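To start, the structure itself, in structure tokens.
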Amino acid sequence: MFRVRIPQIMAIVVALAVVTACSSNKGPVMPPTPFPGGGDSGTPPVPPPPVNRQPTTTEPVVPTPTAPAPVSGDPLNAMAIDDVNRSSVLKPVFFLYDSDQLDDAARTALSENSQMLKKYPLWVITVEGHCDERGSAEYNLALGDRRAQAARTYLVSLGVPADRLRTVSYGKEFPFDPGHDEDAWIKNRRAQFMVTAK
């Protein structure tokens, strides 16, 4: 006959008890929820629109800082860049012979230019360094660069962001006055300011 072991019988009894206990704890079986519009269309239901909830915290909402808006109704805002440059809203700075030092008149002009640049915070400026016709082309390119850098550095010290100011030297290539005397040379030794973006 069969030899039955007690541990095997006990394992079978325990397994049956567990299965019976699990199946007896099930709740009533609910029918599936019908899809919107009735019937079982086989397509997934459309989710309800999201509920627009206000934040529950009491912390104040801090607005994101933005650049100041340009002055509305200002004719300079409506002008093309070339027209702004022709209107000479930014004053040139003049230098003594063979110098890149700013005198009182130059600092006054730069102060006025800084106020204009703060009023129009979207303008990007190129500071051009110029020289008179005397001296070699290489020397005048270096001198023009020093003049442009001197003007740029002073504008930055007055609070104009450095990333809005570019510099270039033209040396003696683009004289303001084509004459060959001191009256012409005085006008040609300059740093000139051109709006290149706005």
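Run the quick spin-label model on S88 and E112: label points 7 Å from Cα toward the beta carbon, then report their separation in nm to one decimal.
About 1.0 nm separates the two model spin labels.
Can you compute the radius of gyration and Dmax for segment 135-185, using only the Cα atoms, both in Å?
My reading of the Cα-based Rg and Dmax gives 13.3, 38 Å.
Computed over the Cα atoms of segment 79-197, what is the convex hull's projected area averaged over all directions, in nm²? Could you put the intermediate results ahead of the total?
On the way: hull surface 27.5 nm².
The number I arrive at for segment 79-197 is 6.9 nm².
How far is it, in nm, from the label point at A184 to the one at E133 when both lie 7 Å from their Cα along the line to the Cβ?
0.4
Give, rounded to the nearest 20 debye, the magnitude of the charge dipole that segment 119-166 has about its Cα centre when Lys and Arg contribute +1 at Cβ and Asp and Glu contribute -1 at Cβ.
Values: 7 positive and 6 negative charges, 54 e Å.
Dipole of segment 119-166, to the nearest 20 debye: 260 debye.
Can you compute the charge dipole magnitude of segment 79-197 about its Cα centre, using +1 on each Lys and Arg Cβ and -1 on each Asp and Glu Cβ, nothing else charged? Give it in debye, rounded to the nearest 20.
Working: 15 positive and 18 negative charges, 119 e Å.
Dipole size: approximately 560 debye.
Under a plain spin-label model, where a point goes 7 Å from the Cα along Cα-to-Cβ, how far apart in nm are V124 and E173?
The answer from the label model is 2.0 nm.
The numbers here are math on the coordinates, done by the rules we state, and not lab data. These numbers were taken from a predicted model, which means no experiment stands behind them. Here the Cβ is made from the backbone with ideal geometry for all residues, glycine too, and neighbour counts use every protein chain on show.
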